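What follows is a short report on a single structure.
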Amino acid sequence: MNSPPTTNDLPADSLANEGELAWQTEGLRFNAFGRALRRRFGGRVQRVSIDAGFTCPNVDGAVTQGGCNFCDNRSFSPSRRVRLKRVSEQLIAGIQTVTKRYDRVDGFIAYFQPATNTYAPVEQLDEIFRLALNADPRVVGLAIGTRPDCVPESVLSLLEDLARHYVVSLEYGMQSVHDDSLQWMNRAHTHADMINAIDRSRGRGFECTAHVILGVPGETHEMMMQTAEEIGVLGFDAIKLHNLYSVKGTPLGDEVLAGKIKMMDRDEYICTVVDFLERIPPATVVERVSGEAPPQYLIEPKWCLEKSAIRNEIGAEFRRRGTRQGDRFIPPALAPEDREVPPDLTPQTIRDQIESRGRLPVLKMQPPESTPDSTMTSDGDAGGLHSD
Ligand code: SF4
């Protein structure tokens, strides 16, 4: 694993859409992330979640305040403080935890997850990302969670440069293609921002993942399927599906506790996920099929704690239907790679923070019980809705 493949070295089945793909040959129902990683790296590769101390323009007032209604952002308000070296400390601690859990782990991906992980002066981003990549020789790449309005050209150039030597995945909080839903979540960006970001990101050597939330109040089944169809239109390399869930201390949690909002029920969610995956391209990697929160914070739905069972039920529903991912995918009239690269529409308030020299106010560390060890799930991914 000393010479990890870069994004440009990917096996054809991750990128092509012709003939039978490896996951289909293996008899899978969808292009599961864990198997895709094994195929790509020839062994087990685990993500290790890192809190590098970022804040969010939806919290610090650059676009608005208060944050998304589902996001417990108290832990990354602009007043916290973090020492930079903690990034490598966290990564090494996470690697040790994962190594104890599995017989053999061949590589690690440093996953910058909480808050908006491209929202800092670009020279600071460069420093933090390289610190993680050099923390251990088994680190093969980065996964970086961000908002679609936080990727000015300077950030994309940095990621393009890193992707020449490492696997780099940029995880966009798309959530939905419907602006009414984005407004309900208090995202403070529109789907047009997402289109602008992905059209400037595509073809630069790093991969793009869409984070999508299913079960937003007011969204019909047809509306969720419109979000599914956009995955192929925009040419995302991977997708992460989450059920909407509520946790304590959030505006959404308060509304759920007050009985004003109901979460999607389990059977409906499973059918919706299968309907969704049938409509995305077969080559898109499926990184998650449900979300989960630490049980002590979760309000509803409790069923999302049963992650393995949910995954099995999704597989069973595919088998019952006799279908697979992509069976209802309709290729867009304009292939993603033929879409025009638009001008950079990053808001000036965000650009000012990223393109200024110096450091954003940084953050105090999370208390010990919230370190990556305790929040990491079995696939090394904290699975939260707050990962942008
Ligand atoms: S979910 Fe992401 S964009 Fe929304 S408040 Fe939390 S960190 Fe910010």
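Tabulated data
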quantity	calculated
The stretch 30-375: relative contact order in percent, alpha carbon pairs under 8 Å with at least 6 residues between	23 percent
Cβ-defined net charge surrounding Arg279, 9 Å radius [Lys, Arg +1; Asp, Glu -1]	-3
Gap separating the Cα centres of the stretch 325-355 and the stretch 110-170, nearest whole Å	18 Å
Equivalent ellipsoid, the stretch 30-375 (semi-axes from 5 times Cα gyration tensor eigenvalues, Å)	28, 23, 23
15 Å beta-carbon shell around Gly322, net charge (K/R +1, D/E -1)	+2
Protection proxy ranking, peptides 33-44, 56-67, average beta carbon neighbours within 10 Å, highest first	56-67, 33-44
Rotationally averaged projected area of the stretch 102-232 (alpha carbon convex hull; nm²)	9.3 nm²
Projected label distance in nm at Leu257 and Arg320, using a 7 Å step from Cα toward the beta-carbon	3.5 nm
Charge context of Asp338, other residues only, Cβ under 14 angstrom, K/R +1, D/E -1	-1
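Values in this text are rule-based calculations from the coordinates and carry no lab data. Values in this document were obtained by computation on a predicted structure and should not be read as measured data. Reconstructed Cβ throughout: ideal geometry from the backbone, glycine too, with neighbour counts over all protein chains shown.
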